[in-house]
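We did not get these values from a lab; they are worked out from the coordinates using the rules stated. Just so you know, these numbers come straight off a predicted model, no measurement behind them. When we count neighbours, we look across all protein chains shown, and the Cβ atoms used for this are built from the backbone with ideal geometry, even at glycine.
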Amino acid sequence: MYGQSAGGRDLVAWRVGKGPGSLALIGGVHGGLEWNTTELIEALRDHLLTDPGLLSDGTSLLLIPLANPDGAAAGVGLGGLSNAHGVDLDRNWGERWAPTAQWGKRVVNPGAAPFSEPEAAALRDLLMEEGIQAAVFYHSFDVRYLHGGIFSGAGPASASLAGAMAEATGYPLSPPAVDYPAGGRPVEWLATQGLAAVDIHLPDRFGLDWAANRQGLIALIQWEAMSGTGTLRPTPTPTPTAGIPQAPPWTAPSPLYGDLAAGYPLAAEAGRFTLHYQPGTLADGDTDYLVTLTERALTHVNKTLGASPTWHFDLYIAGTPFAYPGETSRGYTLAYGRQVFHRYDATGPLVELESGLAHELTHLTALNEFRPASSAMFSEGLAVYVQWPILEAAGWLQLDQVCAAMHSTGALPTALYLTSDAAGYNGYLDQDNYMASGCFVTFLVSRWGMEKVTQLYHSAAWEAVTGLTLAELDRLWIEETAAQASEIVVEAKALVDLLEEIGNAYAYQAAHLKEIEGQPASWALDGLRVTWRMGRFDKARAYTDEFYALTANP
Ligand SMILES: [Zn+2]
């Protein structure tokens, strides 16, 4: 313990390794809003404790998983950013402190004076008393930017460390000239004290990006070993990466119809497809990465469907929400124009983007190769069947677990219902149908193979293709799902209840879009969807509370 928060909560630091403390890792400065940084520091701590060989003799680390416990107690929304005084602790330090401050485009409270907050003062004192040489702060809710102590110009050590960690994690270095009014940041103050101080922004606000950040930790330990006490490695000159948007940011809604050339003015050719995007959005600078991700999704789709199409298509990457009627959509497919749309705006993890692209590319491929689907069950079910293994490979919810859980609580619709007109799809609004359709297609493929399923896709000639009526197939599928009851490892009721909440929240968003568009309610909804898919029902519940608190929908 090194102090208490404004709200009277303990501030806790962990020491790992022998010898004088030299390195510090700090998470949770933005409390509950960036809860994954706290989980990452805890995971790194546990990793160091189980594999002490990672630390060289005489190296010791100070780990502070949660620098802002008040924020963590205040939930996963914007309220979770500050301490109990409502102060952003990432703006309360002594270098370039100002009475006004921003977090992104939002105005935040930097406190009454530098170090007015007990958390900031206690962390400063701890790092100084321990003689820390390097401090790394973890943030999220941003996109793969790794910042050094760049504003003060006092940080050759910071730049050296930032360079080493960027190389190890693969995260881009932000250039020195980012115009962002963010005084009072701890890394700036620490750099003026001669420490190497670095901010790392994780790729999203949900995952740990474990492999990259384990490499980052190793790079940090090696950097310390190489620099020795007070002798630093030569400083590389920070070079601006292409990942930083230079053009004025695109703020218009992204169209799905009409003048697409005006709505997506930039383009990159990529063989089978043309990537269309907008200046000043995340895609502007990440085009190489997006092409690679799309090609990977495309390979997965073709392999799963047994298809080898050669036709060309257009991929539109939206940096803003879609215009009517796609405001709540993340992806969209216009099959006959061979056009696929997807949002890329830091609202979900990259693995979810890859899975979402696979979903839309399945629609595109199926509609062009197998002709139109005979029912919404086949259209959405095939897309869910193809996309889900990408999420499962990342350790997210297993599709068979979802349907076994739905069956065990009586929430699994029958295939007879799913293929009926009454099923009436509304995209994300019918989450039960959506997931169940994926399971039914999985069942069909496992019994009869993809080739027969592609015959069924358009014709629905159940008996001619399988020898069984739809009612008989339905019975078999339900029996098979019921037999998995003993293999359910998830909390079935929570899974089903929260799936229902996602549908309700999307319906509410669609009905009240004007009021909540661009508001933190959308972030809460993204959090609900993503953490449910990850199987993190505790967090999904927190995002549900946040969504209803913001929209006042009981
Ligand atoms: Zn779909």
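Once you reduce the range 91-108 and the range 322-337 to the center of their Cα atoms, the two points are 38 Å from each other. Normalised by the number of residues in the chain, the mean separation of alpha-carbon contacts (under 8 Å, six or more apart) gives a relative contact order of 10 percent. Taking the longest Cα principal axis of the chain as reference, the axis of helix 537-551 is set at about 90 degrees.
Spatially, the range 1-56 and the range 274-306 are offset by 36 Å when compared through their Cα centroids. Taking each residue as 0.36 nm, the span from Thr409 to Arg106 lengthens on full extension beyond its C-alpha to C-alpha distance by 104.8 nm. Taking every DSSP beta bridge that has both ends in the chain, the antiparallel portion is near 45%.
Residue separation times 0.36 nm, minus the C-alpha to C-alpha distance between Arg296 and Glu392: what's the value? So the extension gain works out to 33.0 nm.
To the nearest 10 degrees, how steeply does helix 431-459 sit against the main Cα axis of the chain, on a 0 to 90 scale? For helix 431-459, the angle is close to 50 degrees.
When the P(r) of the range 24-105 is calculated, the portion above 18 Å amounts to 50% of the C-alpha pairs. Computed over the range 245-369, the range of Cα coordinates on each principal axis works out to 43, 27, 25 Å, biggest value leading. P(r) tail, the chain: Cα-Cα pairs separated by more than 47 Å, 17% of all pairs. Taking the longest Cα principal axis of the chain as reference, the axis of helix 287-305 is set at about 30 degrees. The slack between Ala225 and Ala510, meaning 0.36 nm per residue of separation minus the straight C-alpha distance, is 97.1 nm. In order along the range 462-472, the Karplus-derived 3J(HN,Hα) couplings, from 6.51 cos²θ - 1.76 cosθ + 1.60 at θ = phi - 60°, round to 3, 5, 4, 8, 10, x, 10, 6, 4, 4, 5 Hz, and Gly and Pro are given as x.
Determine the percent antiparallel among the DSSP beta bridges restricted to the range 245-369, to the nearest 5. Intermediate values should be presented prior to the final figure.
Numbers: 9 of 19 bridges.
If I count the DSSP bridges inside the range 245-369, around 45 percent turn out antiparallel.
For the range 13-94, trypsin sites (Lys or Arg not before Pro) are listed when DSSP marks them as loop and at most 16 other Cβ atoms sit within 10 Å of their Cβ; the list is Lys18.
When N counts the residues of the range 379-471, how does its alpha-carbon radius of gyration compare numerically with 2.2 N^0.38 Å, as a ratio? Don't jump to the answer; show the numbers that get you there.
Working: Rg = 13.2 Å, N = 93, 2.2 N^0.38 = 12.3 Å.
Ratio of Rg to 2.2 N^0.38 Å for the range 379-471: 1.07.
Once the Cβ-Cβ distance between Tyr336 and Glu451 is put in as r, and R0 is 22 Å, what FRET efficiency do you end up with, to the nearest 0.05? Rounded to the nearest 0.05, the efficiency is 0.35. Based on DSSP H segments of at least four residues, each scored -39500 (n - 2.57), the chain has a per-residue ellipticity at 222 nm of -14500 deg cm²/dmol. Between Ala98 and Glu167, the simple spin-label model (points 7 angstrom out along Cα→Cβ) gives 3.5 nm.
Given R₀ = 45 Å, FRET efficiency for Glu479-Ser56 by Cβ-Cβ distance, to 0.05? Don't skip to the end; give the middle numbers.
Details: r = 58 Å, r/R0 = 1.30.
After rounding, the FRET efficiency stands at 0.15.
Placing R0 at 45 angstrom, the Cβ-Cβ distance between Ala422 and His47 gives a FRET efficiency of 0.30 after rounding to 0.05.
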